[in-house]
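Remarks on the structure that follows.
The values are calculated or read from the model by the stated rules, or taken from the named source; none is laboratory data. The shown structure was predicted, so the numbers you read here are calculated from the model rather than taken from an experiment. Backbone-built Cβ (ideal geometry, glycine too); neighbour counts: all protein chains shown.
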Amino acid sequence: MDVSRLKSIPLFEEVGDEELARIAPFATEVSVEAGRELVREGDFSYEFMAIDEGEVEVTRGGEHVADLGPGDFFGEMGLLEKTLRNATVTAKTPMRMVTLTGWDLKRVERTAPHAIERIRSVLEERRQAD
């Protein structure tokens, strides 16, 4: 993935170009259609996803929890805490996302620790909202 594309995602906008150049080879851009279930509550966590374009609905136990859009991300809780998915996320619109595997997120942690700090702060906010 191109460094400038990665930098256009708010999570990575303050990460230096050198660090992004180390992360970019591991980031994958994915397009999905509306209605696709992206992660399922109770499943194992393998990927972190940052939304570039489009919107998702987050549900837990069949109840609406949140809507997320460009600049938002999900999947961090299961990867960072090594737990099962705590919600189902479904594309509400056609989407473009950037994905990183758990291994890739560990690389990000080493090369861009402030990006991981931001992920952890959002994780804490989400935990307090539950």
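Worth pointing out:
- Only listed residue being aromatic (Phe, Trp, Tyr), modelled with pLDDT of 85 or more and not in a loop (DSSP other than H, G, I, E, B), chosen from 48, 44: 48
- One residue stands out in region 59-78 among those that are part of a loop (DSSP other than H, G, I, E, B) and not small (Gly, Ala, Ser): the one that is surrounded by the most Cβ atoms within 10 Å (Cβ to Cβ), namely 72.
- Test: residue in region 49-59 that is among the acidic types (Asp, Glu), in contact with a Phe, Trp or Tyr (Cβ under 8 Å, 6 or more places away or on another chain) and in contact (Cβ under 8 Å) with a residue 40 or more places away in the chain: no
- All of 33, 14 fail the test of being surrounded by fewer than 14 Cβ atoms within 10 Å (Cβ to Cβ) and in contact with a His (Cβ under 9 Å, 6 or more places away or on another chain), apart from 14.
- Neighbours by Cβ (under 7 Å, 6+ apart or cross-chain): first from region 60-77, without any contact (Cβ under 8 Å) to a residue 40 or more places away in the chain and basic (Lys, Arg); second part of a loop (DSSP other than H, G, I, E, B) and surrounded by 14 or more Cβ atoms within 10 Å (Cβ to Cβ): 60/41; 60/86; 60/87
Residues checked against (1) modelled with pLDDT of 85 or more; (2) more than 12 Å from the chain's Cα centre (by Cα); (3) part of a strand (DSSP E or B); (4) not charged (D, E, K, R):
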{"site": "1", "(1), (2), (3), (4)": "no, yes, no, yes"}
{"site": "15", "(1), (2), (3), (4)": "no, yes, no, yes"}
{"site": "18", "(1), (2), (3), (4)": "no, yes, no, no"}
{"site": "24", "(1), (2), (3), (4)": "yes, yes, no, yes"}
{"site": "35", "(1), (2), (3), (4)": "yes, yes, no, yes"}
{"site": "57", "(1), (2), (3), (4)": "yes, yes, yes, no"}
{"site": "80", "(1), (2), (3), (4)": "no, no, no, yes"}
{"site": "83", "(1), (2), (3), (4)": "no, yes, no, yes"}
{"site": "90", "(1), (2), (3), (4)": "yes, yes, yes, yes"}
